């Protein structure tokens, strides 16, 4: 009889262990999302919204820990080295997973080998904008002016590694046009230099362009995405204008350390799709000019691969830095 009871106990224990192994009993303790940016910004606010909603869905506390340093390298390295058990996750951006590996090729982590993608979270398209007094009123007119006077027209950037810089490099590689870079020192924005007449045009996220456009200081010419911006719905996209490869987004996503069991990744992905489908999430994201995304882990991995390929080709080797 004792042997029978003991065998039942052992079987029950093994069943529980198997259930945990396949992610059916996950999570059983709090989950931490490491965010490689400062507290208080739009990305921080949205990551905390996600953590709050995941807490409700997973029935375990999900917290956000801000860890700055090295342009996201410190947080990324910490999560890459964490136990692959689903309890330490990383909120990533294109700057962390694409720009940093391109410009500093020894970051201490590999965006593809060091992590398991969970879900794309958000995106916001970039926009090409000119000074309000600039003669070009369309992207076609801008390119015509540049072709007629190579090297004359100036675009503002925050320097190598910045979003404004890499999008400018993409613009040059896609159009073959000769444009002059005007470096702008942080904390100023590229659009501020355009508004103040230091540069003729710049590339910035649509939500920022909308602020300056509302004041009448800059004029958007084209949205660098597949869909038009809610901020200025009358402005065409580069895709509509026949420049299908001239697209640029700032995006965010959620990943786990490499070798995290696929069953746990699946649990987190399902939870994320639920969060991103909620009206509250979408409304908050829209407030900051972001589009709530989603999708499968494989789709997110494909996006990362495509982004690394695209921007590696666009950015000249001379602009990158070995560390």
Just want to confirm a number: the relative contact order over region 125-224, from Cα pairs under 8 angstrom separated by 6+ residues, in percent. 46
Would you give the gap between the C-alpha center of region 116-175 and the C-alpha center of region 183-248, rounded to a whole Å? 8
Sorted by packing (mean other beta-carbon atoms within 10 Å per residue), highest first, where do 271-280, 26-35 land? 26-35, 271-280
Sorted on mean Cβ neighbours within 10 Å (highest first), peptides 48-56, 117-125 come out as 117-125, 48-56
How far apart, in nm, are two points set 7 Å out from the Cα along the Cα-to-Cβ line at residue 132 and at residue 29? 5.7
Work out, step by step, the length gained on full extension between residue 196 and residue 270: first 0.36 nm times the residue separation, then minus their alpha carbon distance; give nm to one decimal. 22.0 nm
Label-point separation (nm) for residue 59 and residue 144, each offset 7 Å from Cα along Cα-to-Cβ? 6.5
Simple label model, 7 Å out from Cα along Cβ direction - residue 83 to residue 214, nm: 4.7
Extension length gain for residue 305 and residue 44 (0.36 nm per residue less Cα distance), in nm, is 91.5 nm
As a check on your grasp of the helix formula, calculate [θ] at 222 nm for the chain: sum -39500 (n - 2.57) over DSSP H runs of n ≥ 4, divide by the residue count, round to the nearest 500. -12500 deg cm²/dmol
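Where a number appears in this text, it was derived from the coordinates with a stated rule and is not lab data. For clarity, every value in this text was computed on a predicted model and none was experimentally measured. So basically every Cβ, Gly included, is an ideal-geometry build from the backbone, and we count neighbours across all protein chains shown.
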